[in-house]
Amino acid sequence: MVAEMRIRLDEFPRFRLLDGPTPVQRLVRLEQRLGPATGGARLWVKRDDVMGVGGGGNKLRKLEFLIGEAVAQGCDTFITTGGLQSNHARQSAAAAARAGLACELMLSDVVPRHDQAYRTNGNLLLDDLFGATVHRLPGDVNALDAARARADEIGREGRKAYVVGSGGSSPLGCLGYAVCAAEILEEEQVAGRRFEAIVVPNGSAGTHAGLAAGLSAAGDDPRRILSFTVLAPLDKALEETRRLASQALNLIAPDCSLAEDAIRIDGSQRGDAYGLPTDAMVDALRIMARTEGLLLDPVYSGKAFAGVLAGMRTGAWRDRDVLFVMTGGVPGLFAYRDAIASGG
Ligand SMILES: *Cc1c(COP(=O)(O)O)cnc(C)c1O
């Protein structure tokens with residue numbers, strides 16, 4: 001089944017940005033620290049924060065397919081959208097540089113954080129270093145419309161631009177996480193282990209949707225995936241993730257359809273809004289850093305991992321194996337200094 005899915009994925013042009021499957025590691029010290037309340041749950045992480053280009057992170061998987069299509073179409077410029085501290089924008093800038101494409105980023109001022117670190121450091125510093133052209137837009141301007149207008153302008157100059165929206169979460173971009181699903185199934189087969197839950201953050205929904213499409217196409221159960229929404233409210237996140245998952249599934253397995261109850265999302269860790277810190281997020285960052293020496297990010301993986309810790313502490317996965325996909329975003333830490341630093 002897994003091999004069959006790989007054949008369908010191979011039909012799409014791909015620009016390689018990963019060196020192969022990312023590692024899966026067990027967090028034994030953290031399990032011990034959480035103690036008997038977990039009921040002996042085993043906690044694993046898939047290290048999608050460990051990749052060779054641009055500081056790594058989950059967007060590189062999507063960009064393999066997006067840059068692949070841009071190159072196949074003969075484009076010379078890659079345009080995308082996001083918030084000021086978008087990890088997707090930074091990884092796009094790096095991936096475009098590696099593919100020899102110009103990169104333009106339409107970045108919206110959507111998060112009410114006004115300190116200098118947020119407005120100049122972190123991902124913004126790296127966008128500049130990777131040579132991208134940054135257009136800063138007010139929060140109420142439609143960034144995708146602005147991106148399309150810019151692409152038209154580039155077209156009139158006799159060049160050709162590829163446009164994708166925030167998070168790279170087009171149905172094609174989601175295929176990057178169908179590949180990740182195949183890696184997880186392969187790893188399970190080799191290790192003789194089955195994860196009860198596969199946990200991810202949910203922002204633009206492509207990570208969850210791609211994993212769900214990948215598991216469905218392989219005949220496995222997408223209900224094993226649990227995401228924590230950090231951007232859209234729960235009902236909108238469910239709707240968008242379902243829509244994207246069935247579109248992605250349609251690309252790789254047109255005969256399959258997504259089960260009615262395939263998508264499971266938890267809304268408890270979002271906090272007041274996208275990009276606004278929560279106490280549980282800061283606790284999650286600290287416990288992961290101090291017991292395992294690993295870095296989560298303040299906007300996505302920190303909030304989702306706070307949800308994993310809550311589940312572990314209430315014995316939700318007694319005697320089972322749980323996999324958390326670490327999605328990267330480390331540069332965001334430097335944009336959230338005020339929220340994270342202990343004692344200023
Ligand atoms: C974008 C992002 C996510 C969310 O992925 P989506 O596919 O947008 O849902 C999670 N973690 C990090 C670090 C990200 O940058």
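The values are calculated or read from the model by the stated rules, or taken from the named source; none is laboratory data. A quick note: this is a predicted structure, and the numbers were derived from the prediction, not measured. Ideal geometry is used to build each Cβ from the backbone, glycine not excepted, and the neighbour counts take in all protein chains shown. These area figures cover heavy atoms from the full protein model, side chains too; ligands, DNA and RNA do not enter into them. Shrake-Rupley method; radii C 1.70, N 1.55, O 1.52, S 1.80 Å.
At 1.4 Å probe size, with the rest of the protein present, what percent of the exposed accessible area of the stretch 59-168 is carbon and sulfur atoms?
48
Rolling a 1.4 Å probe over the protein heavy atoms of the stretch 177-290, with every protein chain left in place, gives an accessible area that is 45 percent carbon and sulfur. Take the stretch 26-128, drop everything but the C-alpha atoms, weight them equally and run the Debye formula without solvent; then report log10 I(q)/I(0) at 0.16 Å⁻¹ to two decimals. Relative scattering, expressed as log10 I(q)/I(0), comes to -0.76.
In units of the compact-protein estimate 2.2 N^0.38 Å, the chain shows a Cα radius of gyration of 0.95.
Residues of the stretch 193-227 with an amide N closer than 20 Å to a point placed 7 Å from the Cα of E239 along the Cα-to-Cβ direction: 202-210, 227. As an exercise, use a Förster radius of 41 Å and the Cβ-Cβ distance of D283 and R156 to find the FRET efficiency, rounded to the nearest 0.05. Efficiency computed from Cβ-Cβ geometry: 0.20. Between E11 and E292, the contour length at 0.36 nm per residue exceeds the Cα-Cα span by 97.2 nm. Heavy atoms of the protein chains alone define the surface here; on that basis the stretch 1-95 has 38 Å² accessible area per residue at 1.4 Å probe size.
Ligands, DNA and RNA excluded, the heavy atoms of E196 present near 90 Å² of accessible surface to a 1.4 Å solvent probe.
Think of the chain as having a plus end and a minus end, set by charges on the Cβ of Lys, Arg, Asp and Glu; of P36, Q189, H88, P36 sits farthest toward the positive end of this dipole. Can you give me the C-alpha center-to-center distance between the stretch 192-214 and the stretch 90-150, rounded to a whole angstrom? A separation of 27 Å, based on Cα centres. Accessible surface area normalised per residue over the stretch 188-344 is 40 Å², counting heavy atoms of protein chains with a 1.4 Å rolling probe.
Placing a label point 7 Å from the Cα of R313 along the Cα-to-Cβ line, the residues of the stretch 37-64 whose backbone N sits under 14 Å from it are 37-38.
In whole angstrom, the stretch 85-207 maps to an equivalent ellipsoid with semi-axes of 31, 19, 14, each derived as √(5λ) from the alpha carbon gyration tensor and ordered largest first.
Hydropathy at least 0.0 by Kyte-Doolittle, axial extent at least 15 angstrom from the Cα trace: which helices of the chain, defined as entire DSSP H runs, fit?
59-72, 171-191, 206-217, 279-292, 301-313
For the chain, give the share of DSSP beta bridges that are antiparallel, in percent and rounded to the nearest 5; count only bridges with both residues there. Of the beta bridges lying entirely in the chain, close to 10 percent run antiparallel. Panel values: the stretch 268-316, Kirkwood radius from alpha carbon pairs, Stokes-Einstein at 37 °C and 0.692 mPa s, translational diffusion coefficient 306 µm²/s.
At full extension, R26 and L125 could sit 32.3 nm farther apart than now, given 0.36 nm per residue minus the alpha carbon distance. For S108, the amide hydrogen comes within under 5 Å of the amide hydrogens of G82, G83, L84, L137, counting only partners 5 or more places away or on other chains and with H modelled in the peptide plane.
Protection proxy ranking of 88-98, 51-61, 114-124, by the mean of other Cβ atoms within 10 Å over each peptide's residues and highest first, is 88-98, 51-61, 114-124.
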